[in-house]
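Novice: Sending over a structure as structure tokens; questions will come in a sec.
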Amino acid sequence: ASGLAASGRAVPCRADAPDASRLVACGGPFPGHALRVIDERGCAVGERVVGEIVVSGPSVMRGYLSGPEATAEVVRDGWLATGDIGYMAGGELYVCGRRKETIIVGGRNYFPQDLESVLDGVPGVRSGGVAAFAATAPGHPDRAVVVVETYAGVAADAVQAEVRRRVLQATGLAVDDIVLAPKGTIARTTSGKLRRAELRERYVAGTLVHKNGHVNGQPSAP
């Protein structure tokens, strides 16, 4: 994961390496369809280079009913920009995450799924109760935030220290803020996906409540 963040390249490593990221091979395009990975200029990138995934073919949408402006944002020269980030290796596609959810710190790209996966099993943290996102503000760099749902009576300092240690060891990223939250704070879609954008909005608004009665590090109103 640290190499992926630093260079934007997926470098093979041992499965048991401490900073390894495990990604599922999604195969290649259907017959009559095409996919490629592009950089910010829209140029195709090489093998194992991370970029945005674009697709084309007869089953790909031609546009939005809402109008040409919305269509122009995602369809260019017959290619649909999926908003997903990934890379090609051996003719197969690997998806790293969503472009809008990428955490950019110090010029490096970090994917929230990588941060969340290394925190599985942290003592005091509920299974599946971890979400990472970037808190952004105009004119300021991204702040890496991790929300963890904890059990009652856990030692907050110990949990936060272990979260910071694991993320730093696996990805090289120093987390800016760790929010300890009660069960049910991290919302999911009906298909089970984390609602990271909703969490980010609540965090920025100061409405993510800690178990100890604090809101984003500040005492909450009685």
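Novice: What is the residue count in the range 84-102 for residues that are open to solvent by 10 Å² or more (accessible area, probe 1.4 Å) and touching a helix residue (DSSP H, G or I) at 6+ places or on another chain (Cβ under 6 Å)?
Specialist: 2
Novice: Moving to a separate point now. Is it the case, given these coordinates, that Val130 is at pLDDT 95 or above and in a strand (DSSP E or B)?
Specialist: Considered against the rule, which asks whether it is at pLDDT 95 or above and in a strand (DSSP E or B), Val130 comes out as yes.
Novice: Could you list all residues from the range 37-53 that are open to solvent by 70 Å² or more (accessible area, probe 1.4 Å) and either within 21 Å of the chain's Cα centre (by Cα) or among the aromatic types (Phe, Trp, Tyr) (or both)?
Specialist: Hits for the range 37-53 are Glu40, Arg48.
Residue-by-condition table, conditions (1) under 18 Å from Thr171 (Cα atoms); (2) at pLDDT below 90; (3) part of a helix (DSSP H, G or I); (4) open to solvent by 30 Å² or more (accessible area, probe 1.4 Å):
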{"site": "Ala6", "(1), (2), (3), (4)": "yes, yes, yes, yes"}
{"site": "Leu35", "(1), (2), (3), (4)": "no, no, no, yes"}
{"site": "Val55", "(1), (2), (3), (4)": "no, no, no, yes"}
{"site": "Leu65", "(1), (2), (3), (4)": "no, yes, no, yes"}
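Novice: Looking only at the range 180-196, decide whether some residue is assigned to a helix (DSSP H, G or I), surrounded by 20 or more Cβ atoms within 10 Å (Cβ to Cβ), out of contact with any strand residue (DSSP E or B) (no Cβ under 6 Å at 6 or more places or on another chain) and touching a residue at least 12 places away in the same chain (Cβ under 8 Å).
Specialist: The answer is no; no qualifying residue exists.
Novice: Which one of Val147, Val118, Val159, Val75 is out of contact with any Cys (no Cβ under 9 Å at 6 or more places or on another chain), crowded, with 16+ Cβ neighbours inside 10 Å and without any contact (Cβ under 8 Å) to a residue 24 or more places away in the chain?
Specialist: Every option except Val75 fails the conditions.
Novice: Give the number of residues within the range 37-53 that are at pLDDT below 90, small (Gly, Ala, Ser) and at negative phi.
Specialist: So the count comes out to 0.
Novice: A further question follows. Cys26 passes all but one of (1) under 29 Å from Val118 (Cβ atoms); (2) at pLDDT 90 or above; (3) open to solvent by less than 50 Å² (accessible area, probe 1.4 Å); which number fails?
Specialist: Looking at each condition in turn, Cys26 falls short on (3).
Novice: Here is a further query. Quick check: is even one residue across the range 103-114 of a type in the set (Gly, Ala, Ser), surrounded by 21 or more Cβ atoms within 10 Å (Cβ to Cβ) and either touching a strand residue (DSSP E or B) at 6+ places or on another chain (Cβ under 6 Å) or not in a strand (DSSP E or B) (or both)?
Specialist: No - not one qualifying residue is present in the range 103-114.
The values are calculated or read from the model by the stated rules, or taken from the named source; none is laboratory data. What you see is a predicted model, and the numbers here were worked out from it, not measured in a lab. All Cβ positions, glycine included, derive from the backbone under ideal geometry; neighbour counts span all protein chains shown. Each accessible area value is taken on the protein alone, full model and side chains, heavy atoms only, with ligands, DNA and RNA left out. Shrake-Rupley method; radii C 1.70, N 1.55, O 1.52, S 1.80 Å.
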